[in-house]
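Below is one structure, written out as structure tokens; the observations come after it.
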Amino acid sequence: MTALARLATGTNGYATDPHTRYRSTFLLDELFHELVRGAKPELFIEAGAFEAAASVRVRREVAGARVVAFEANPRNAEHFRGLRDYEALGVDYRQEALAEGADTATMQMVVGSSTRDIKAVEGFNGLLRRTDNAGYLGHVTFEEVVVPATTLNATLNDAKSSALWMDVEGASGIVLAGGNKFLEVCQVAKIEVESEVSWVGQWLDVDVVAALARHKIRPVARDTQGSDQYNLIFVSDALLRRSDVSASLDHHGRRSQRELRRQQSRLRRHPAVRGVGRKIFRRS
């Protein structure tokens, strides 16, 4: 059974062992970079770049690609610019948010926690406000910080093909809302998604899947990062027709099956996933 078929039938799921979770995420990242190398996109965008590790790797592995890394958090951007010469690495590293259309966006920045060091709640920084502002993490306090913003579409310029890595703490809907033209030429995407609401107004996994399906981009694999937060890889229908892509997905499925457990989910029943699964079954 292929990796795509496993996704469609719900074989992928959450693993509680830390080593298993780490390995499943590592294997998914390797699959993503393999697909990007094969697609050779003209433009690669990393949204929520942090240290821009994915961008640096893509710039090294895909000759001629324009690579843009967006890190909206001003503290992160200042820190990592002090550690790396992104210009020398060939990466356009920007302290800027990707959003729907305005030239600024408002970030919710953590300034304190009643029980944890501020670094322990780094994942609470983002364009959306967390829903669980209490409980086991204590009470978290925020300040609103206005940051520069642009859109996926504005970054596209005249590129005829693109790829995307996104980890934006629940704000995938805000980013994708400004990317209809970008998605029309997107070949590969890796997006962190959630199956339960953790941020006010966020898109869940099924919403992200539906949005990309409208542009004929389908989910093909996932990891076991958490019980309600994980990463999905998406591939365009055009790329799925290539034999080397099918071979990569098959190989990933064989490597990762030990790390994945059976799990029923809403995503399994999503029509965009079922449709891709049927195509793979017919080809297998």
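Considered as a group, the residues in segment 177-194 that are under 16 Å from residue 128 (Cα atoms) and either open to solvent by 10 Å² or more (accessible area, probe 1.4 Å) or charged (D, E, K, R) (or both) include one that is farthest from the chain's Cα centre (by Cα), and that residue is 177. Filtering segment 55-87 to residues that are under 26 Å from residue 34 (Cβ atoms) and open to solvent by 70 Å² or more (accessible area, probe 1.4 Å) leaves 59, 60, 63, 64, 66, 84. Within the span defined as segment 144-154, one or more residues are touching a Phe, Trp or Tyr at 6+ places or on another chain (Cβ under 8 Å), within 19 Å of residue 71 (Cα to Cα), modelled with pLDDT of 95 or more and surrounded by fewer than 19 Cβ atoms within 10 Å (Cβ to Cβ).
Scanning segment 163-176 for residues that are within 15 Å of residue 50 (Cβ to Cβ) and either open to solvent by 10 Å² or more (accessible area, probe 1.4 Å) or in a loop (DSSP other than H, G, I, E, B) (or both) turns up 165, 167, 168, 169, 171. Of 227, 243, all but one fail to be among the hydroxyl-bearing types (Ser, Thr, Tyr), modelled with pLDDT of 90 or more and surrounded by fewer than 24 Cβ atoms within 10 Å (Cβ to Cβ); the exception is 243.
The values are calculated or read from the model by the stated rules, or taken from the named source; none is laboratory data. Computed from a predicted structure; not experimentally measured. Here Cβ is always computed from backbone atoms with ideal geometry, including for glycine, and neighbour counts include all displayed protein chains. Only protein heavy atoms, including side chains, enter the accessible area calculation; ligands, DNA and RNA are left aside. Shrake-Rupley method; radii C 1.70, N 1.55, O 1.52, S 1.80 Å.
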